[in-house]
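Enquirer: I have a structure I would like to understand better, so I am pasting it below and will then ask my questions one at a time.
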Amino acid sequence: MSTVLSPATGLEASTLTSTRIANTADSVSFAGVGKSFGSRTVLADVSVEVERGEVIAILGTSGCGKSTLLRIVAGLDLPTSGVVSIDGTPVSRVDSRCAFAFQEPRLLPWRTLEANVSLGLPKKTPKAAGQARVRELIELVGLADSAGHRPREVSGGMAQRASLARALARNPGVLLLDEPFGALDALTRLKMQDLLLDIHAAAPTTILLVTHDVDEALQLADRVVLLGRNDDAAPDAGAGIRSIVTVPGARPRDRSSHELAELRAELLEGLGIERHHG
Ligand SMILES: Nc1ncnc2c1ncn2[C@@H]1O[C@H](COP(=O)(O)OP(=O)(O)OP(=O)(O)O)[C@@H](O)[C@H]1O
Ligand SMILES: [Mg+2]
């Protein structure tokens, strides 16, 4: 029997899916969430229920409030109206149930990748348990051979893997990803998408993923939330949920399927990109 290797990590796919990294997954409820900065309304009346373990992609034009929405989930910003609850408890301050990863890996340059990942461990994690978890995560993201390197000694994709592992080290109930692959080249980006699927199979936490890439959203998400201002809304109204699309098919999905092509066109239209009919 031939061994199936995960395209992203080079690990045996069967190992990945059978190895469940200890994890939690929390539900997230947005109830009438609005956010204004001074007199400027950015978000208005965002309401959606996210199930435990669900992967939600958030799409929207630049400046529509995607990062602000994630910050509100993490308690880094408070909503002006409405409430976000994680597993039924309202978020009122920086919430330790969330972990964030950004477009830039934001690693400490003087620490090894392994030491950077261990910075994500919850405070008071017993040393041996922490070391074991970091090792497990380093393995999961395919960095076993580079764990002792410093960030400047590795590629952007590897640094981003370490950043993902650091976020997972916290064992978050909600993983918040703000354009995590936005700075990577196209090929690395595809590999990282596969890696995220592997990660979610091994540690099926709830994921809110902000992306500008419609194909990435369709490849990774259970549902895609399109944020934006409704056409008939006042020009100074904030962005709300324009549509929520359930993506058909089990992951990994066939990137060239007809069904996804149709959804892609719909979502692009929602982002203001017109269809070209051949
Ligand atoms: N702390 C703040 N004070 C004032 N305005 C802010 C603040 N944070 C965000 N904004 C404004 O809110 C709007 C939404 O910002 P946000 O960063 O959430 O957008 P975004 O959808 O993530 O954009 P991008 O796709 O470019 O990352 C922007 O116009 C931004 O200038
Ligand atoms: Mg943003």
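Enquirer: Can you return the lysines within cross-link range of Lys66? Criterion is Cα-Cα under 18 Å, with same-chain partners fewer than 8 residues away left out.
Expert: List returned: Lys35.
Enquirer: Separate question: Counting DSSP beta bridges in the chain, what percent are antiparallel, to the nearest 5?
Expert: Bridges in the chain that DSSP calls antiparallel: roughly 55 percent.
Enquirer: Also, I was wondering about something else. For the chain, which span is the longest to avoid every loop-located (per DSSP) member of trypsin sites (Lys or Arg not before Pro) having at most 15 other Cβ atoms inside 10 Å?
Expert: 125-254
Enquirer: For the residues Ser257, Ser118, Ser29, Ser163, what sequence is obtained by ranking on other C-beta atoms within 10 Å, fewest first?
Expert: Going from least to most buried by this count: Ser257, Ser29, Ser118, Ser163.
Enquirer: Give the order of Ile199, Ile273, Ile72, Ile241 when sorted by the count of other beta carbons within 10 angstrom, beginning with the fewest.
Expert: With the fewest neighbours first, Ile199, Ile273, Ile72, Ile241 line up as Ile273, Ile241, Ile72, Ile199.
Enquirer: Picking from Pro172, Pro122, Pro105, which is most flexible by a Gaussian network model of the chain using Cα springs under 10 Å?
Expert: Comparing Pro172, Pro122, Pro105 in the GNM, the peak value goes to Pro122.
Enquirer: Let me ask something else about it. Can you tell me what share of the DSSP beta bridges in segment 118-268 is antiparallel? A percent to the nearest 5 is fine.
Expert: 55
Enquirer: Springs between alpha-carbon atoms under 10 Å, Gaussian network over the chain: tell me which of Gly228, Gly88, Gly34 tops the mean-square fluctuations.
Expert: Of Gly228, Gly88, Gly34, the Gaussian network model singles out Gly88 as fluctuating most.
Enquirer: Give me D for the chain in µm² s⁻¹, whole number, from Stokes-Einstein with Rh from the Kirkwood sum over alpha-carbon pairs, 4 °C and 1.567 mPa s.
Expert: Estimated via Stokes-Einstein, D reaches 67 µm²/s.
Enquirer: How far apart, in nanometres, would the label points at Asp77 and His149 be if each is projected 7 angstrom from Cα along the Cα-to-Cβ direction?
Expert: Simple spin-label model gives 3.5 nm for this pair.
Enquirer: For Phe37 and Lys123 in one chain, what is 0.36 nm times their gap in residues minus the Cα-Cα distance, to one decimal in nm?
Expert: 27.6 nm
Enquirer: While we're here: Once you've got the GNM for the chain with C-alpha springs shorter than 10 Å, pick whichever of Ala57, Ala250, Ala237 has the biggest mean-square fluctuation.
Expert: Ala250
Enquirer: Now for a different question. Using 0.36 nm times the number of residues separating Ala186 and Arg93, minus their current alpha carbon distance, what extension gain do you get?
Expert: Additional length available on full extension: 29.8 nm.
Just so you know, all these numbers are worked out from the coordinates, no wet-lab data involved. Here the structure is a predicted model, which is why all the values come from computation and not from measurement. Every residue, glycine among them, receives a Cβ derived from its backbone with ideal geometry; neighbour counts consider all protein chains shown.
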